[in-house]
Amino acid sequence: GHALAALLVLAIAGYALKVSQDTYLQQGRMLAINRAHDLRQEVTTDLERIDLAMRHVALANLREAADPEAQRRLIEESLQEHMTLVPEVTHLRQTDAEGVVRFQGGDRTSIGQSLHDDPLFIQARGGHDDGLLVGEPHFDKTLGRWQLPLAHRVEDHAGRFQGIVVGFLDLVHFDRMIDRRRLSPADSLALRSTQLTLLSRQTGRDEQAQPIGTRRASPAFTEALKTAPLSGEFTARNVFDGVE
């Protein structure tokens, strides 16, 4: 009788622990999903705002001007105006159809620079995408920080390619977004490009700076992404710190 009572107590305790663990995991799952959704919405809204500013510059090319000099002033005034509306985007400028920078929103140090071989220029020239083009991040040694190139295709009235409006977004901008969210020591929140390049990652722990620019990812993550590219979930240990 005593043995059966002890087994019953153990069974009840085990069941209670299992229910407690399942509840804890479900809460963690929902928290992760909600945080990812919130960050996605904020990033999307920000990129849409930048896209709108670049789109307005592209449309300035379609306005009538008395002569080439007046056309140049019109486009550069539009670049300067929209630099104030999206201050997080630096080095805003526009190329011609050959990839040569002809218009500059701020200082004119980039005038004459060729972007003919730039991946975003090649992408814009070869397609008819009317949305914001997002490149892969690169480290600017002069400034000492990571930047994300952004561009918008420029067309004439007939839809022919005329160049790109291009600028750079400092990745610290995404760090600030994540910093606004309170993370516990077991939490992490990351943003990656479509090529899985790490753009930003913050945790609730004191640790070394995250390896921005790496494409290391857990196999479970890459498999989940193939199965459901737009949204989904997986369980794995993080490749950077081993936290589940």
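Note on the range 145-171: residues that are surrounded by fewer than 23 Cβ atoms within 10 Å (Cβ to Cβ) and touching a His at 6+ places or on another chain (Cβ under 8 Å) total 5. The residue pairs whose first member lies in the range 94-105 and is part of a loop (DSSP other than H, G, I, E, B), whose second member is open to solvent by 10 Å² or more (accessible area, probe 1.4 Å) and of a type in the set (S, T, Y), and whose beta carbons are closer than 6 Å, counting only pairs six or more residues apart or on different chains, are G99/S114. One residue is enough: does the range 192-213 have a residue meeting the conditions among the charged types (D, E, K, R) and open to solvent by less than 40 Å² (accessible area, probe 1.4 Å)? Within the range 192-213, one or more residues are among the charged types (D, E, K, R) and open to solvent by less than 40 Å² (accessible area, probe 1.4 Å).
Matching residues to (1) under 28 Å from T203 (Cβ atoms); (2) under 28 Å from the mean Cα position of the chain (by Cα):
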{"position": "L17", "(1), (2)": "yes, no"}
{"position": "S20", "(1), (2)": "yes, no"}
{"position": "R29", "(1), (2)": "yes, yes"}
{"position": "A36", "(1), (2)": "yes, yes"}
{"position": "Q41", "(1), (2)": "yes, yes"}
{"position": "T44", "(1), (2)": "yes, yes"}
{"position": "A53", "(1), (2)": "no, yes"}
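Among the residues of the range 63-93, the one identified as of a type in the set (S, T, Y), assigned to a helix (DSSP H, G or I) and surrounded by 14 or more Cβ atoms within 10 Å (Cβ to Cβ) is S78.
Note on the range 1-29: residues that are of a type in the set (A, V, I, L, M) and either in contact with a Phe, Trp or Tyr (Cβ under 9 Å, 6 or more places away or on another chain) or open to solvent by less than 80 Å² (accessible area, probe 1.4 Å) (or both) amount to 7.
Being open to solvent by 60 Å² or more (accessible area, probe 1.4 Å) and under 27 Å from S231 (Cβ atoms) holds for only one residue in D129, D175, D117, D107, and it is D129.
If you filter the range 189-212 down to residues that are at pLDDT below 90 and among the small types (G, A, S), you find that the one that is nearest to D175 (Cα to Cα) is A209. Residues in the range 214-230 that are touching a residue at least 24 places away in the same chain (Cβ under 8 Å) and of a type outside the set (A, V, I, L, M, F, W, C) were compared, and the one that is surrounded by the fewest Cβ atoms within 10 Å (Cβ to Cβ) is R216. Here G127 does not qualify as modelled with pLDDT under 90 and under 21 Å from P211 (Cβ atoms). Annotation: R153 fulfils all but one of (1) of a type in the set (K, R); (2) in contact with a Lys or Arg (Cβ under 9 Å, 6 or more places away or on another chain); (3) more than 25 Å from Q94 (Cβ to Cβ); the unmet one is (3).
The values are calculated or read from the model by the stated rules, or taken from the named source; none is laboratory data. Here the structure is a predicted model, which means the values were calculated and not measured. Counting neighbours? That spans all protein chains shown, and the Cβs are built from the backbone with ideal geometry, glycine included. Accessible surface is based on the protein model in full, side chains and every heavy atom, while ligands, DNA and RNA are left aside. Shrake-Rupley method; radii C 1.70, N 1.55, O 1.52, S 1.80 Å.
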